[in-house]
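The structure's right below; bear with me while I get my questions together.
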Amino acid sequence: MSKLTVNDRPVQYKMDPATPLLWALRDASNLTGTKYGCGVGDCGACMVDIDGEAIRSCLVSIGEVEGRFVTTIEGLSRDRGHPVQQALVASGAIQCGFCTPGIVMAAQALLKDNNDPSDAEIDGAITNICRCGVYPRLRDAIRQAGRIARGAAKVPSAPPPGITPEDAAKAVPALTVAK
């Protein structure tokens, strides 16, 4: 039995310790925000935070993460108020959304260590594959998230699930940047 902490809650998986963390999260914990993309660590759709580091969950087993702290996209921010989430929504950097949870998890790990990254640092940290090709918008959004994290910009939290786009557009004021 593998014991770890997932989204600040103790979890015991009664699964083979060789089971990839991805499948334990999705199948046993019903945390489906962590996506299955390629299964070999190339795409980054399954990215989670393990003890502060962005890790592809398809490449680590639950036995390898025994006793560690795992944060998934669901545990990052219940109200979607994390600076990366705010910036991605405010900048319209998201297209189809399949890769978004993995990118958010990679970006938040980058910004934890460096809240003013260069384009080269962003490109080095965000190696996730996006089929829609939003990379230029993504870089801008990550820089914006860094400004939010530094207190140099403010963006209101994303609207709660279920709100219509029309109501969200009325309720969310424009992006403001502090001088």
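Coordinate-derived values only; no laboratory data. Predicted model, so just to flag it, every value in this text is computed and none were measured. No Cβ is skipped: glycine too gets one built from the backbone with ideal geometry, and neighbour counts run over all protein chains shown.
Tell me the angle of helix 100-113 to the major Cα principal axis of the chain, expressed in degrees between 0 and 90 and rounded to the nearest ten.
Roughly 80 degrees, rounded to the nearest 10.
To the nearest 10 degrees, how steeply does helix 135-150 sit against the main Cα axis of the chain, on a 0 to 90 scale?
80
Given H placed on each backbone N at 1.01 Å, which residues far from VAL6 in sequence or on other chains put an amide H within less than 5 Å of it?
VAL11, VAL70
Here's a follow-up. If you rank CYS58, CYS46 by fewest surrounding Cβ atoms within 10 Å, what's the result?
With the sparsest Cβ surroundings first, the list reads CYS58, CYS46.
A further question follows. Give the percent of DSSP beta bridges with both residues in the chain that are antiparallel, rounded to the nearest 5.
Looking only at bridges with both residues in the chain, the antiparallel portion is about 90 percent.
Just round it to a whole percent: the fraction of Cα-Cα distances in the chain exceeding 30 Å.
So the pairs more than 30 Å apart make up 19 percent of the total in the chain.
Sticking with this one: Given 0.36 nm per residue, what is the gain on full extension from ASP119 to THR5 after removing their alpha carbon distance, in nm?
37.7 nm
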